[in-house]
Amino acid sequence: MSLPQPSPEAAAHSRQLIAAINREIVARGGWISFSRFMELVLYEPGFGYYSAGARKFGTAGDFVTAPELSPFFGRALAHQLAEFMDASMPFVLEVGAGSGRLAADLLRELECLGKLPERYDILDLSADLRERQQATLVAAVPHLLSRVHWLDCLPEGFSGVVLANELLDALPAHVIAWRENGIFERGVTLDADGCFTWNERPATGALLAAAEEIAAQCSLPPGYESEISLAARAWAAEWGHRLQRGALLLIDYGFPRREFYHQQRGRGTLMCHYRHHAHPDPFYLPGLQDVTVHVDFTAIISAAAGAGLDLLGYTSQGQFLLNCGILDMLAAEAPGTPDYIRASGAINKLLMPHEMGELFKVIAIGREVDRPLRGFSTGDQSHRL
């Protein structure tokens, strides 16, 4: 594996995080779950990937998200949000707002539509990302900044639209191995040289129950390895207690359960991103790379439904954006111009099945929403969940 080398400062930063993780492994008897390891490398205050100051999004970062790729993503999404504004749900809460690009594009398009929310709340625990979001919004929509508020925690109660783009894939996940002699949790320990290495222990409790349910539903062969995110399930279920009226609109890469745990995907979906290189080694440069797992959307709706929420729609990102009129927006641009050519190329990446159009999904989950949603008007795949 040949990956770009970090600067001396970045390498020193990573070594500090490695030392902190080592201390925790020793303090916990020589082993931590991979879920805890993932939490530390992503969110450890001051050192985790999302808690430190390195640039993550866009061409200068480690990966490109849909809002960074094209403003047409946010513009199309705004047409779905406008339906909620019309239904007297004039509040938006974006969880994990990245660079703030999506918030800026949404607010600008909603203003053009005459459907601005009364408030646009952002929940992001990273002080560095909050600063970037504020800078983005000041540059793009300074006159709308008074509508934007940053939260420190989930609200006790909320009515409106909860928006999360590529959030669930970054929530900590356990790694499970279904062996001939039982179900094991793969965790992290230290080898003789003090380096991170995998080590298995029998799965227990809620994790074991989830793994047994998956095995029964998906007929997994011995030796199969994959991930279970109890954190993502808990996050979805939590909104059953907090969402009074409205919807969660979640966009991420993943599959329904039977596709997620397909026999041909026998080593799971764990993936890391560093300087636009994707690779499978979560122990490489902790704190400097993103670590993700795909989303089991069946688990998400099951957890949400168990907490009293309804499935409102589920489809591919490509179909959702088409339903929201993204091609009509492109057609309004002057054809043949450099701007049109750039926009057309970016939109192709958002829509095409071999790019982001099929792997990325959109799911809507809510309460007291009694009208069909535009984004799912054709091509709804709820039956696959």
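The values are calculated or read from the model by the stated rules, or taken from the named source; none is laboratory data. On a predicted model such as this, the values are computed, not experimentally measured, just so you know. No Cβ is skipped: glycine too gets one built from the backbone with ideal geometry, and neighbour counts run over all protein chains shown.
Computed values, structure above
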item	result
Cβ-Cβ under 9 Å pairs, at least 6 apart or on other chains, segment 305-333 side within 13 Å of residue 352 (Cα to Cα) and in contact (Cβ under 8 Å) with a residue 40 or more places away in the chain, far side of a type in the set (Asp, Glu) and part of a helix (DSSP H, G or I)	318/355
Of residues in segment 133-173 being part of a helix (DSSP H, G or I) and in contact with a Gly (Cβ under 6 Å, 6 or more places away or on another chain), the one surrounded by the most Cβ atoms within 10 Å (Cβ to Cβ)	133
Candidates 345, 375, 308, filtered to the one that is among the small types (Gly, Ala, Ser), modelled with pLDDT of 95 or more, at positive phi and not in a strand (DSSP E or B)	308
Wholly enclosed helices (runs of 4 or more DSSP H) of segment 198-304 bearing at least 2 residues small (Gly, Ala, Ser) and over 22 Å from residue 384 (Cα atoms)	205-218, 230-242
Test: residue in segment 307-317 that is β-branched (Val, Ile, Thr) and either closer than 30 Å to residue 90 by Cβ or surrounded by fewer than 20 Cβ atoms within 10 Å (Cβ to Cβ) (or both)	yes
Segment 236-257 residues that are in contact (Cβ under 8 Å) with a residue 60 or more places away in the chain, paired with ones that are among the polar types (S, T, N, Q) and assigned to a strand (DSSP E or B) (beta carbon under 7 Å, 6 or more apart)	244/159; 245/159; 246/159; 251/165
Odd one out for residue 233, checked against (1) free of Cβ contacts under 8 Å to residues at least 40 places away in the same chain; (2) among the basic types (Lys, Arg); (3) crowded, with 19+ Cβ neighbours inside 10 Å	(1)
Complete set of residues in segment 2-43 that are surrounded by 13 or more Cβ atoms within 10 Å (Cβ to Cβ), at pLDDT below 95 and in a loop (DSSP other than H, G, I, E, B)	3, 6
Sole residue being over 22 Å from residue 113 (Cα atoms) and surrounded by 14 or more Cβ atoms within 10 Å (Cβ to Cβ), chosen from 369, 362	362
Hits in segment 79-105 (condition: within 18 Å of residue 66 (Cα to Cα), part of a helix (DSSP H, G or I) and touching a residue at least 40 places away in the same chain (Cβ under 8 Å))	79, 80, 81, 101, 102, 103
